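Down below is the structure, laid out as structure tokens.
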Amino acid sequence: MPQSSFFAKSVPFEQIDKLAISGGYSSIFSTQEPAVPVVGQWEHRFCRLADTFQPVLDRVHEFEVREDDVWIVTLPKCGTTWMQELTWLVMNQCDFETAKSVDLTLRSPFLEFNGVVPNVPHDTMEAANAMPSPRLIKSHLPAWLLPRQIWTKKPKIIYVYRNPKDAAISYFHHWRGMVGYQGTKSDFMHSFIDGYVNFTPCWPHVLDFWQLRHEPHIFFTSYERMKAQLGDVIRDVAAFLQRPITGEQVEQMTQHLSFESMRDNPACNHVKEFESMKAAAGREVEEFRFVRRGVVGSHKDELTADIIREFDLWSDINLRDYKLNMDDFANYSK
């Protein structure tokens, strides 16, 4: 049997008991030097994941990548769905009819979803393998846990950053709606900062792709830029993917991708994902809108001044050695 690409160290239950996680939770480490450069010493890098991910991580690592794939990689709640829909339309000649009638999870599979919800019959990796090329695939995993062939075949990757304070607020509401979290907002924010929610810690995830931003197959952008300059981002993605797009199509896409349109489009609201998670939970979960507020700076009216200061200090500690601040990521355009 081949050696696993990772090993897991269990997280003590008292550090996660407030998060309503069923089962164990672990820090995942690589067993060998990753095929992609990472910030810091690779031996010390880890990703925190529920133990339900462990059966899928080696399958993800050995997943067969195609050179004409397009990958959307983000931390959760950073505009992933928004960028998936944008990119799918660019790749499919602005086929709005299909975009409104076929669920996005079928058009663009979430590769490691069976780690999020292990007891669903739908296998996302098998579904991705069966898709015709070119495929659009989504992942929240850090660079070093993605399929190893990504770094040899070099398909196009679009990475979307979002201010962690806004992402954490959105993740809090997601955790309440999708996971059944009943704890306080303050406890969840501290769990986010300390890296005890899936796919964290946050800043190493971002910095790995930031240091790759000049690579020709990497496109780094931000939720903030999408909100402020959506038309420009559409044109930039089309140019990155070498797909022609007209001014009229940009206008049509801007309307289709508006917050109101995305919120009211069932094909983009992860209805299938929500139903899968409700069934897996075996209990009622409060109704939840995947596309919720879509506001830049939403943390300002949802977090206390003390927690905002904690977030800012945490960010400064993680970014000062790189002489970076959050605006550098939010304003960057390739």
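Rule-based calculations on the coordinates, nothing more; no lab input. Predicted, not measured: the structure shown is a model, and the values here were computed from it. All Cβ positions, even for glycine, are placed from backbone atoms using ideal geometry, and neighbour counts span all protein chains on display.
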Quick one: net charge of Asn129's neighbours, Cβ under 12 Å, K/R +1, D/E -1? -2
Which of Gly115, Gly247, Gly180 ends up with the largest GNM mean-square fluctuation for the chain, with Cα atoms connected below 10 Å? Gly247
Return the FRET efficiency for the residue pair Gln242, Glu215: r is the Cβ-Cβ distance, R0 is 25 Å, and the value is rounded to the nearest 0.05. 0.95
Alpha carbon convex hull of the chain, volume per residue in cubic angstrom: 134 Å³
Sum of side-chain charges, Val237 neighbourhood, beta-carbon under 14 Å (Lys, Arg +1; Asp, Glu -1): +2
Ranked by GNM mean-square fluctuation in the chain (Cα springs under 10 Å), the top entry among Pro155, Pro204, Pro55 is Pro55
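Need the full-extension length gain, Asp232 to His44, defined as separation in residues times 0.36 nm minus the C-alpha distance. One decimal, nm. Each step should come with its number before you reach the end.
On the way: separation 188, 0.36 × 188 = 67.68 nm, distance 3.83 nm.
Here the segment from Asp232 to His44 would lengthen by 63.8 nm.
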Just subtract the alpha-carbon distance of Lys153 and Ser101 from 0.36 nm times their residue separation and send over the number in nm, one decimal. 15.5 nm
In whole Hz, with x marking every Gly and Pro, tabulate ³J(HN,Hα) for the stretch 210-221 from phi via Karplus 6.51 cos²θ - 1.76 cosθ + 1.60, θ = phi - 60°. 4, 6, 9, 4, 8, 5, x, 9, 10, 10, 9, 9
Above-threshold pairs, the threshold being 20 Å between Cα atoms, out of Lys77/Lys300; Lys154/Lys334; Lys77/Lys153: Lys77/Lys153
Give the relative contact order (percent, whole number) for the chain; include only Cα pairs under 8 Å separated by 6+ residues. 22 percent
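Quote the charge dipole size of the stretch 64-331 about the Cα centre in Debye, to the nearest 20; the model charges only the Cβ of Lys and Arg (+1) and of Asp and Glu (-1).
In debye, rounded to 20, the stretch 64-331 gives about 180.
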What are the ³J(HN,Hα) values, in whole Hz, obtained from phi via the Karplus relation 6.51 cos²θ - 1.76 cosθ + 1.60 with θ = phi - 60°, for each residue of the stretch 87-93 in sequence order, with x given for Gly and Pro? 5, 4, 5, 4, 6, 10, 6
Go ahead and set up a Gaussian network model of the chain, Cα springs under 10 Å, then flag whichever of Phe13, Phe240, Phe172 fluctuates most. Phe13
Among Trp151, Ala130, Met253, flag the residue with its Cα farthest along the positive direction of the charge dipole of the stretch 64-331, charges on Cβ as +1 for Lys/Arg and -1 for Asp/Glu. Trp151
Enumerate the amide H contacts of Ile72 below 5 Å, restricted to partners 5 or more residues apart or on another chain; note that Pro and chain-start residues carry no placed amide H. Ile137, Lys138, Ser139, Ile158
The answer for trypsin sites (Lys or Arg not before Pro) in the stretch 54-108 that fall in a DSSP coil and have at most 16 neighbouring Cβ atoms within 10 Å is Arg66
Helix-only [θ] at 222 nm, the chain, -39500 (n - 2.57) per DSSP H run of 4+, per residue, nearest 500, equals -11000 deg cm²/dmol
With a Förster distance of 30 angstrom and the Cβ-Cβ distance between Asn325 and Ala305, calculated FRET efficiency to the nearest 0.05 equals 0.95
Dipole of the chain (Lys/Arg Cβ +1, Asp/Glu Cβ -1, origin at the Cα centre): which of Tyr181, Leu319, Phe6 lies farthest to the positive side? Leu319
